[in-house]
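The values are calculated or read from the model by the stated rules, or taken from the named source; none is laboratory data. All values reported here derive from a predicted model rather than from experimental measurement. Neighbour counts are summed over all protein chains in view; Cβ atoms, including those assigned to glycine, are modelled from backbone coordinates with ideal geometry. Please note that ligands, DNA and RNA were not included when accessible areas were found on the heavy atoms of the full protein model with its side chains. Shrake-Rupley method; radii C 1.70, N 1.55, O 1.52, S 1.80 Å.
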Amino acid sequence: MSRYRFMKSLNSGSQAASHVLLVIAILSLGLVGCRKESGTAGSGGPKKEGKMRVGFSQMENNGPWRIAETKSMQDEAAKRADRFELVYTDAQGQTAKQVSDVEDLIAQRVDAIFLAPREAKGFELALQAAKEANIPVFLIDREIEGNAGEDYVTFIGSNFVEEGKRAGKWLVKETNGKAGVIELLGTPNSSVARDRHDGFADAINGSPDIKILASQPANFTRAEGQKVMENLIQAHGDNITAVYTHNDEMALGAIQALKAAGRQPGKDVLVLSVDGQKSALEAIIRGEMNATVECNPRFGPIAFDTLERYTRGEKIEPKIIVPDKFFDSSNAAQFINEAY
Ligand code: GYE
């Protein structure tokens, strides 16, 4: 329509009214468009209805600790559903699958990734790809090789060396520095197994009569804990006076093996572990287990708070350490109801 004809038509009754309506409609469409665009640009990256899509790469979802961790992440995402959408992957206990899960999340162009890495090595190329795609990666629960602030944003989790030390100190005190110990290790090449071993070894270092009879991996599972312990009972018999396991599931497996061999776990063989799951606190109350250092799996609130701080442009510390309790017969009953 020529300018002349448009001006002319404005002068003609109902036709003029319909043009005014058209102009208003066009203007308001423009405004809606602008608002949408600034909402997208403001929080960076592709968004669905202005939400951040956040990947959570879990290494596996077996055992109470990991199930509690996954639930905590999912519950927290649900609480913040107006701002976040969680994309969950489960690597089913295979590091190679976890690496490709992370690569898939990058290919989907999520806005950030929470990574609970199974092993300390193997994620180098995936992290490089995330960096190139401008996707920040937050490590939760286990560490990997690399540097915070460069290869990933931060590590959120427990101080595992300290957990091992607390277990070792307890044993030194409880046995007056004399014991024959079986150590059941977590997954080989995981930061947590390395650190829980080192911390424990450090704490018993000044006690030459505390002897580690064997340190063997049982991969954080109850079934392997039982099997490995059965073999070690065959090999070391009554020299065993204490068992230190890197998690509660392995401790519960070891308790089964000890009972089957006619030993009395919690009494003639001290059982000491890490995590603090409900069934471990129950074993402490029954007198079959002596102590467990807490390792809190409920990362949801702190993980999302940290991500929100990051998106606001705040500087994030290289490590965010969550505090842990210590459970033994003095407080197991008190905490049983809040355990997972
Ligand atoms: O102690 C164990 C789990 O990585 C801290 O992994 C975590 C450990 C936890 O399988 O039970």
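Can you give the Kirkwood hydrodynamic radius for the chain, in Å, rounded to one decimal and based on Cα pairs?
22.7 Å is the Kirkwood radius here.
The long axis of helix 191-204 is offset from the longest Cα principal axis of the chain by roughly 40 degrees.
Quick one: if the Förster radius is 45 Å, what FRET efficiency do Asn134 and Asn62 give, using the C-beta to C-beta distance and rounding to 0.05?
Numbers: r = 33 Å, r/R0 = 0.74.
E(calc), rounded to 0.05, equals 0.85.
As a quick test, which of the pairs Lys121/Lys267; Lys169/Lys278; Lys121/Lys178; Lys71/Lys267 have an alpha carbon distance above 30 angstrom in this structure? The answer is Lys121/Lys267; Lys121/Lys178; Lys71/Lys267.
Note on the chain: with a GNM built from Cα contacts shorter than 10 Å, the maximum mean-square fluctuation among Ile321, Ile144, Ile204 falls on Ile321. Length gained on full extension, Ile212 to Ser330, computed as 0.36 nm times the residue gap minus the Cα-Cα distance: 39.8 nm. Between 0 and 90 degrees, the angle of helix 222-236 with respect to the longest Cα principal axis of the chain falls at about 20 degrees. If you bin all the Cα-Cα distances of the stretch 156-206 at 10 Å, starting from zero, the percentages per bin are 28, 53, 18, 2.
For the stretch 277-340, what does the alpha-carbon gyration tensor say about shape, rounded, prolate or oblate, given a ≥ b ≥ c as the root eigenvalues, a/c under 1.5 as rounded, and a/b over b/c as prolate? Since a/c reaches 1.5 and a/b is larger than b/c, the shape of the stretch 277-340 is classed as prolate. Ligands, DNA and RNA left out, the 1.4 Å accessible surface of the stretch 242-329 is 50% carbon and sulfur atoms.
Here each label is just a point 7 Å from Cα along the line to Cβ, and for Asn231 and Glu124 those points are 3.1 nm apart.
Label positions at Arg298 and Arg109, each projected 7 Å from the Cα along the C-beta direction, are separated by 3.7 nm. Dipole magnitude for the chain: about 1480 debye, using +1 per Lys or Arg Cβ and -1 per Asp or Glu Cβ, origin at the Cα centre. Here's the picture: charge each Lys and Arg Cβ at +1 and each Asp and Glu Cβ at -1 in the stretch 160-295, and of His246, Val271, Gln216 the one pushed furthest to the positive end of that dipole is Val271.
Work through the residues other than Gly146 whose Cβ is under 10 Å from its Cβ and net out their charges, Lys, Arg +1 and Asp, Glu -1. So the environment of Gly146 carries a net charge of -4.
With a 10 Å radius around each residue's Cβ, average the other Cβ atoms per peptide and rank 272-281, 99-108, highest first.
Per-residue mean Cβ counts within 10 Å order the peptides as 272-281, 99-108.
Relative to the Cα centre, the charge distribution of the stretch 160-295, modelled as +1 at Lys and Arg Cβ and -1 at Asp and Glu Cβ, gives a dipole magnitude of about 220 debye.
Can you check how the C-alpha radius of gyration of the stretch 160-295 compares to 2.2 N^0.38 Å, as a plain ratio?
Details: Rg = 12.9 Å, N = 136, 2.2 N^0.38 = 14.2 Å.
Scaled against compact globular proteins, the figure is 0.91.
If you take every DSSP beta bridge whose two residues both sit in the chain, what share of them, in percent to the nearest 5, is antiparallel? Percent antiparallel among DSSP bridges in the chain is about 10.
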